[in-house]
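Nothing in this text is a laboratory measurement; each read-out follows from the coordinates by a stated rule. If you're wondering where the values come from, they're calculated on a predicted model, not measured in any experiment. Cβ: placed from backbone, ideal geometry, glycine included. Neighbour counts: every protein chain shown.
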Amino acid sequence: AGSVIALVGELGCGKTLFTRGLCSGLGIPGKEVNSPTFAFVNEYRGRLPVYHVDLYRIGDIEDGFEIGMLDYLARAEAGVIVL
């Protein structure tokens, strides 16, 4: 079964650093992992897929639907989502 990990913190507190470490453990080179601030979602392929989502600029549930959050949550069964 997959996992959803929610990270909460100020800008620059290490959320992406945590995600790099997680990805590294799943066989994804850390240098490939970047903050999804402008893309909203970065997808990485390793032993499990990782979907790194930035909800900082999501104002309401409609915005979440627009970026496809339901699709990503459905994929969590086979991988990891970091919010």
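Which net charge results for the neighbourhood of Asn42, defined as the other residues with beta-carbon distances under 14 angstrom from its beta-carbon, given Lys and Arg at +1 and Asp and Glu at -1? Mind dumping the intermediate values first?
Numbers: positive: Lys15, Arg20, Lys31, Arg45, Arg75; negative: Glu32, Glu43, Asp54.
Combined, the nearby Lys, Arg, Asp and Glu give +2.
Sequence-distant or interchain residues sharing an amide H contact under 5 Å with Ile81, placed H: which?
Ser3, Val4, Ile5, Tyr51
Could you please rank Leu55, Leu70, Leu22, placing first whichever residue has the fewest other Cβ atoms within 10 Å of its Cβ?
Leu70, Leu55, Leu22
At q = 0.10, 0.11, 0.17 Å⁻¹, what is the base-10 log of I(q)/I(0) for the chain according to the Debye formula with one equal point scatterer per Cα and no solvent? Please give it to two decimals.
-0.22, -0.26, -0.64
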